Each structure stands twice: as C-alpha cells, then as structure tokens.
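K.L.:
I am attaching a structure below and will ask some questions about it afterwards.
The values are calculated or read from the model by the stated rules, or taken from the named source; none is laboratory data. Quick caveat, the model's predicted, so the values are computed rather than measured. Here the Cβ positions follow ideal geometry from the backbone for every residue, glycine too, while neighbour counts run over all protein chains shown.
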Amino acid sequence: MRVLIKNRRGQFLVLTAFLVVVILSSAIIVSYKRIQENSFSNAVTLSSSMTAINNSLSELLGFTVGYYGSMIQVTGNVTYAQMKTLEYLKSGLVTVAHSHVDWGTSFTLENVNIHTNWYNSTSSTDGDITVSYDIPSIGLMGAKFKTYASIKVQILETIGSQALVKVTVDKDRVDLSLLRSNFRFFKYDSSTNRWNYFELPSDPVVTTSGEYLLTIPAGINLKAYFLQVVDRRGIMVTAAYVKGVGTLNKKHISYTYTFSWPVEHDARTDNTPIVVELLQDGTLRWLGEDLEMGGEASKLPIPPIPVKGIRVNATMKSDLSKSFEIPFQIEDWGSRYQVPYGITSNTTIFNENCMIVFLVDHTVDHVTVWWDGRDVAKQREYGYKNYFFTGDDSVARHLSNGIINLDFSLTGDGYVRASTASGTLVDSQARFMRVNGEAPANGAQESYIIHNGVVRDIVQQEAEWSSGIPSCPNTFSHLVFTLPAEANYYTYQLRMIFVESTQPRNLSDLSLLRLRGYVGSQLTEDGLMLGFPITSTGTLFYEGGTMHEHQWSQFTDSNNKGVGVMFTSSNNDELYHFDAILGGTSTGAIYINTATKTIELDPVRRANVNGFQQADDQIWKGAIVISGGGRLPIYPNSGPPTSLWILVEKLPTITVS
C-alpha cells in the first residue's frame, strides 16, 4: 500500500511545489534519455532523417502527456499545468534539435492539445502536437508532422472480486502490454483521511477479446472504486466504477441520495430547508448530526477531483422525471471540520478539508452529486453565484438572507441581534459564553469568513474575557455562526477548549447561550407522546443521559411571532456533557426567565464542577429561529403541530442507490 496524496491547507503549497519539482526532474531525465537513444543513421538520407525526427517527436509527446497528467493530479490547476507542460515540451524540442547538432535542425510548434477526462467509467488522457521543422544540412525545409499520444480506460464490469477493464492507446489501438505495476486501485481511509493506492495482488489476465481481468485487492469496496492506469510512457488515467449508482445522462458518474422524510413532514405548509453538509468521506450531516444512511453503496467518498467539476442536482417528489441543478457551495474547513476557512478555490483538489453544502426540504425526493471529469470543465454559476444574500454588508457588520437580518456587536459586551427582514418587526438578542458570571469582552471584531455566499454565510469569533475567567484558567473558546438561505433561522457552533491545567478549575456558571425575545409567552418541549412534543411552561428543564427530551424552547405570541432555540438529539445530549464528570449528577439544564423573556443553555446550571483539571474540547450546536412575516415558529400556538421542531426531531434517512 502506498499513500497517494494528502492535502492539508497549511502544507499543500509546499507539498505541491516539491511534487512538481520531482515530476519535472524525473520526466526530463527519462524523456531526454529516451530521445537521445533514438539512433540517427550515419548515412544521412532524407527518409532516415525524417524517421528519426518523427520518432523523437512521438516519444517526446508521450512523456509530455504523462507530465501533464501528473501536474493535473497534483495541482488540479489547468492553467498552471498547461504553462509548465508547454515549457517542458519546448525544452524537449531543443533537446531533440541538439541531438545532432550538425544537421542544424529547427522546430516550430504549431499546435498543442493535451487534455484529461477522469473519474468516469470511461476515462482518458490524450494529446496531439503539430510541428514543422527544417533540416538545412540535407535541404529539407518546412516538413510538417502531427503525432498523437493517448490512453483510454473503460471499466466494463465487476465480476465477483475481479474488474474487467479495456485499455486502448493512440487512437483506440488495444494495448495488451501492461503489467501488474501499471494498475493501481484507490481506497479512502476514513481513519486517516487519506486516499491510498494498492497494486494488484496478482498479474492481470488478458482475455481472448483483448481486455484485462484484474483481481481487486482486499479491502477495496467492490461496489465503488477508482482505478488508475499508467502506461510505459507515464501517461495516466483514473477511471471510476460505482455499482447501482449509475451515471447522469450516461456521461458522468453520480452519487444519488434519496431522502426518506418521516410522515410528520407531509403535513408541513412551509418549505424551510435544512442545510446538508456532505463531507469527503461521504457522511451527510445537519446541525452537526450525521444523517442515517444506507443502501447498496452506503457512504461514498468524494474523489480527489478539482472542485470546479462538481455539480449538484435535485429531483422533486412532484415530478421524478426531471432533474435540475441547484445552488451549492464548497467550503474549506480545518481541524476536522471545526474551523471555517472560506469558499474553496475552484482549482482546489477536493480533500479532507472540503465539504459540499446544499439545501433540501421535504419536497425533495433525491439529490444527485456528480462531476464533470474533464480538465477543461468550467465551474457552473450554481457553485458561485450569489442568489440570496444581496443585503450583506460586512463593513456595517450586517448579514441578510432576505428573510431575517443578523447584526453583530460581538466586541465589548456584544451580542448577535436577529430580526425579521420584512413585515412587522420581530427582534431578538443572543449573548454567548458567559463563564462564572464573566461575560466576554471581545477585543477583536468578528471575521466574516463567507459573505455574499451561495447557500449560506459564515462568521466566526473568539470569545475573550478581558481579565480572564474567575476560577477557570487555561480556557479558550471559538464561535461560528451561519446564516442559511431561504430560512428564518441561523445556526451557532460554540466550542470550549479546556487545556490540561495544573491549576484546578471551578465551573459554577457556563451560559453557552442567553437568548432574549421581546414578545409572547414561553413554551418548552418536555418529551414526546405519539411522536409529537409534550409542551410545558416550566422554567427549568434537565434530564441527563441520552433522553433528549428537551430539544427546543421559545417565546411566541398568539400570532406565532417570536424567537426560540432548537437542536438535534445529539446536541441535546451534549447539554449534559459535564454530568459524567460529576459521576452522573444532573447539572446541565435549560433555564427560562419569564420576566426578562430569556432562555439560557447552561451545562453546569444545577451543580458546580469543581477541581476540573483535565483537557476537554467540547462543541455545542443549534439553531435560533425568528418567526414572523409569514414564517413559522418552532411550535405553533394553535393549529396542527407541524412546524420547525420537525427539522431537528424528525430527520430524514438517506439511501444511496
């Protein structure tokens, strides 16, 4: 087993530069040696001279096409790869001319075409050049030569643990000269976030019909795999096979995710979406909670392709015959998707820092993720155009999706203000990370990681305490907020980092969120009955363990205008994170103050956590809802109980098939 590539944002440019130098040096040494080995007859004749020159040009093109493929694999940047490849080709022409100085040969490069089309069931790398040349010593002027170099790989089918593969080169000539070392299978290792490649366990078998029967290495998913073929010239191509998933328009490999929505969604009168994050390993999640997945192929990792080629289509329940592209964005994150970096460059190779983000609601039957594997593919506007966030103004510290506005004042005694963007004003105020009575006094302004986004904006901030946290040393925090398109909620990700400390820490207060509304009365979930929430007007809610009985709380008036907070079951469980440290004592709680109309989430509300010295890194996630202007609350005050609580308690399951 060998490691192919591991992209890390901090190391990527250095690694890429190093690999480019290695590729260039190796290619030059091999190709120049081969070119110089071409015999030039002592008896110089027109025929022998042209044959020698043409053979050298064909050899040079083969190595040049191989070099281009290596550059595309490493960088994904077509412009850069074309520039370096052209330099390499021109340098090779100089070498050919100097191979027999007394001839006085000169070349004019008239045309170059080199392209790749990878990660499909039929994939190829091909190139051609047209060169004119003069050999004054024998009176030859203006000779023209066009030559081709290509490889095409077709994965015809998988038979048991063997792949039936057809390989053709140079204008569809069957190539039966490949050996075991010319084939490599790729496998994604989710434990290391690496794509590894494996060579064949045995020699390939050539069938009577001119195809290769390859034994697939142990551990490779027989239902979804990638195969790289590299011929003797170094020309490479990577093909894909996905059983039961098929192709989109019979041209491109695609992953189809069918959403099975619980019956409670059927009665919904709104189309408020959830934000789905598709990670490199094939995990789909919403609000930090992995969506349940199944099907013949199960989780399918995204191959290391340039993100410019990725597309996302949706098919509605109302018309299963039509599939259309939808907006999405590809984001860069660090620290295992905990720290946002921004929108991914369209030349980036999709890696363990990338996620595909798109919106779905209960009217969607399935979503198809596919890619255009051509090196010349262009990023479609659905991956970069701002459709929804026309009111963003990061200078004024203001974001808007046209439904709700977010205004940030996180410096000093700051907060996030969320309000309706139209209709009767519904206002709210959210404060974060009060610890032991000390509210953050952030010295630095929040960072607008993504604004004018495609499907969401992202803001991050570090909560800072000017004099430190009383009785709680060596503690840090990180806050991330997202504003999705077409939604009347924004999300929070609150991270507390407790560094291992020789000094004991005492936690008597950890107000992750203090949400204030200005209208209405309080209502909080207190369990389920027959699949629907039991509501309560109490002021303190706790459970512990994995009961997750309190997944939302709100203040709304008789017209369903107001504010609230909601979270998934796993995030509800995290509210009781410190219970285990206290040996099972229930300390985490939701606390409601009806006089000030505030809702607080505090994982140490009911009991202090004293003498806490160990390292701990904990994240809490959820969504803050602003209802009004025709947008639904978390739970309605009257009418059918079908509202936004369903988004966090009745999650869809996903089938990949």
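K.L.:
Among the residues of the range 188-198, are any free of Cβ contacts under 8 Å to residues at least 60 places away in the same chain, surrounded by 19 or more Cβ atoms within 10 Å (Cβ to Cβ), closer than 19 Å to Pro303 by Cβ and of a type in the set (Phe, Trp, Tyr)?
P.N.:
No: zero hits.
K.L.:
May I pose another question? Tell me, which residue of the range 403-452 that is within 21 Å of Asn559 (Cα to Cα) and under 29 Å from the mean Cα position of the chain (by Cα) is surrounded by the fewest Cβ atoms within 10 Å (Cβ to Cβ)?
P.N.:
Asn405
K.L.:
I'd like to verify a number: residues in the range 202-225 that are under 19 Å from Thr238 (Cα atoms), more than 32 Å from the chain's Cα centre (by Cα), assigned to a loop (DSSP other than H, G, I, E, B) and not acidic (Asp, Glu), how many?
P.N.:
Within the range 202-225, residues that are under 19 Å from Thr238 (Cα atoms), more than 32 Å from the chain's Cα centre (by Cα), assigned to a loop (DSSP other than H, G, I, E, B) and not acidic (Asp, Glu) number 1.
K.L.:
Could you list, in sequence order, all residues of the range 99-125 that are in contact (Cβ under 8 Å) with a residue 24 or more places away in the chain, assigned to a strand (DSSP E or B) and touching a helix residue (DSSP H, G or I) at 6+ places or on another chain (Cβ under 7 Å)?
P.N.:
Within the range 99-125, Ser106, Phe107, Val112, Ile114, Thr116, Thr125 qualify.
K.L.:
Test of understanding: among Ser177, Ser202, Ser181, Ser209, which residue is outside the structural domain of Pro304 (by TED's automatic domain parsing) and in contact (Cβ under 8 Å) with a residue 40 or more places away in the chain?
P.N.:
Ser177
K.L.:
Considering only residues of the range 250-266 that are β-branched (Val, Ile, Thr) and either crowded, with 21+ Cβ neighbours inside 10 Å or in a loop (DSSP other than H, G, I, E, B) (or both), which is modelled with the highest pLDDT?
P.N.:
That would be Thr256.
K.L.:
Going by the structure shown, is Gly423 without any contact (Cβ under 8 Å) to a residue 40 or more places away in the chain and not in a strand (DSSP E or B)?
P.N.:
The answer is no for Gly423.
Yes or no, residue by residue, for (1) modelled with pLDDT under 95; (2) in a loop (DSSP other than H, G, I, E, B); (3) among the basic types (Lys, Arg); (4) not assigned by TED's automatic domain parsing to the domain that holds Glu292:
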| site | (1), (2), (3), (4) |
| --- | --- |
| Gln493 | no, no, no, yes |
| Met496 | no, no, no, yes |
| Val519 | yes, yes, no, yes |
| Leu528 | yes, no, no, yes |
| Glu543 | yes, yes, no, yes |
| Phe555 | no, no, no, yes |
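K.L.:
Can you confirm whether Thr158 is within 22 Å of Tyr67 (Cβ to Cβ) and either outside any loop (DSSP other than H, G, I, E, B) or among the β-branched types (Val, Ile, Thr) (or both)?
P.N.:
Here the answer is no, as Thr158 does not meet what is asked.
K.L.:
Scan the range 176-198 for residues that are in contact with a strand residue (DSSP E or B) (Cβ under 7 Å, 6 or more places away or on another chain) and over 15 Å from Gln228 (Cα atoms) and jot them down.
P.N.:
Leu176, Asp189, Arg194 - these are the residues of the range 176-198 that are in contact with a strand residue (DSSP E or B) (Cβ under 7 Å, 6 or more places away or on another chain) and over 15 Å from Gln228 (Cα atoms).
K.L.:
Of all residues in the range 604-649, how many are of a type in the set (Gly, Ala, Ser) and part of a loop (DSSP other than H, G, I, E, B)?
P.N.:
The qualifying residues number 7.
K.L.:
While we're looking at this one, here's another question. May I ask you to say which residue of Trp261, Trp195 is outside the structural domain of Val369 (by TED's automatic domain parsing), over 19 Å from Gln162 (Cα atoms) and among the aromatic types (Phe, Trp, Tyr)?
P.N.:
Checking each option against the conditions leaves just Trp195.
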